[in-house]
1. Say each of residue 15 and residue 2 gets a label point 7 Å from the Cα, pointing the same way as Cα to Cβ; how far apart are those two points in nm?
2. How much FRET efficiency would the formula 1/(1 + (r/R0)^6) give for residue 279 and residue 311, where r is the Cβ-Cβ distance and R0 is 25 Å, rounded to 0.05?
3. Sorted from fewest to most neighbouring beta carbons within 10 Å, what does the list 117, 7, 1 look like?
4. So for each of 204-210, 45-51 I average, over its residues, the number of other beta carbons within 10 Å; can you give me the resulting order with the highest mean first?
5. Round to the nearest 0.05 the FRET efficiency obtained for residue 129 and residue 244 when R0 = 22 Å and r is the Cβ-Cβ distance.
6. Summing -39500 (n - 2.57) over the DSSP H runs of n ≥ 4 in the chain and dividing by its residue number, what mean residue ellipticity at 222 nm do you reach, to the nearest 500 deg cm²/dmol?
7. Dipole of region 3-312 (Lys/Arg Cβ +1, Asp/Glu Cβ -1, origin at the Cα centre): which of 163, 220, 31 lies farthest to the positive side?
8. At residue 216 and residue 137, where each label point lies 7 Å from the Cα along Cα→Cβ, what is the point-to-point distance in nanometres?
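None of the figures in this text is laboratory data; all of them are computed from the coordinates on show. It should be emphasised that the depicted structure is a prediction, and the values quoted were computed from it without experimental measurement. Because the Cβ atoms are built from the backbone with ideal geometry, glycine has one as well, and the counts that use them run over all protein chains shown.
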Amino acid sequence: MTVLDSMEARIRAGEVIIIDGGTGTEIPRRGKPLCPQTWSGRANLEYPDLIREIHEDYIRSGAEVIATNTFWTSRTGLKMGDLDDKTIEINQLSVRLAIEARNNVKSDKDILIAGSMSTFFPMGKPKVIPEYEDALASYREQAQILAESGVDFFALEMFVRTLDARAAVQAAGEIGLPIWIGYSIQSDGEDLYLGTDEGRHGNETIKDAVEAVESAHGISAFFIMHSDVKDTETGLRILREYTSLPIGAYAHSIDTEAARPLGFLGNQGERIIDRSVDEYLGYAKDWVGAGATIIGGCCGVTPAHIESLNNGLRIS
C-alpha cells in the first residue's frame, strides 16, 4: 500500500487529517512583499528559501499534506506579471521546494505533496466567463508540469465557477493522479452560492458544484475552501448532502472586510487580520462535527493555527 493509499484509507475510516495553511499570506507576514500581479507566484523565483521555510514550518506544525505554491502559476496567471515565459520553470521550482522541505524535516508522519491549481481568470469578475477550451488548455499544461515534477495528487483550489471546475478536473483526470477539489462560497444573507469575498459568481450553488464534476474520474474528496469561517460549517453540511466522498475544510482566517479594499484578499500583510488560533480551532471542531475529515486553512492561517489543529483535534 502506498503512502497515498494509506492516507485515503484513514480518511475513509473517519480519521481527521491535518493539512497546511496559507502560503501567500505568510510571505508578507514574514517581511517580503507579494506581487500585485501574480500574488505569490513570483516569490518562487525571488524568495525560494522563504517558500521552502514556510513548507517546513507547516510540516513541523503537524501537517501531513503541503500544497505547492502554484495557486497563481498557470501560464495565464503568470502572464499578468510578464512571467509567462517562465511557466515551466516556476512550476517545477515550486514542486522542488516542497519536496526539499519534506526531505529536510524529520516527521513521524508520511508527508504528501498536493499540486495546487486554482480557479481560472478572471477570479474577481463574476460576470466574465472564460472559454472552456482556454481554461482546459491552461490546466492541462500546469497539471502535466506538476505531475512530471513529482506531486502526489492534485488540490484544485477556490473554484467559483463550475465551468472552471469541469476543465480543471478533466485536465487533472487525464493525468491519473487523485483529485481534491474545493469550492469557495459566499453568503448573500439568505443562501450560499459559489463566489469569493468580492461577491457571488451568478446563481451556482454547492449542489451545482458537486453535480458538475461528480461523474468525473479521480475525485477523492470535496472541500469548502477559501471561504469565511462563519460560512464554512453551513457549506459543509450542504456539501455532505450531495456527496458520499470525504469532505474537508480550508477556510480563511482573516477579516475579509479589511482585506476587500486591497483587491483579491489583499496584497499588504499589515492589512490582513489573523483570527486567534483558539478561535479558528473552535470553528474547526464544528467542521469536524459537520462531517469534515480533512482540515487546514488558507489566507491568514499560520503554522501556529495548524499546530493548534494538530493538537486540538486529537489526531493520531
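1. 1.8 nm
2. Efficiency at R0 = 25 Å is approximately 0.95.
3. 1, 7, 117
4. Top to bottom by mean Cβ count within 10 Å: 204-210, 45-51.
5. The pair residue 129/residue 244 has a calculated efficiency of 0.15.
6. -12500 deg cm²/dmol
7. About the Cα centre, the residue reaching furthest to the positive side is 31.
8. 1.9 nm
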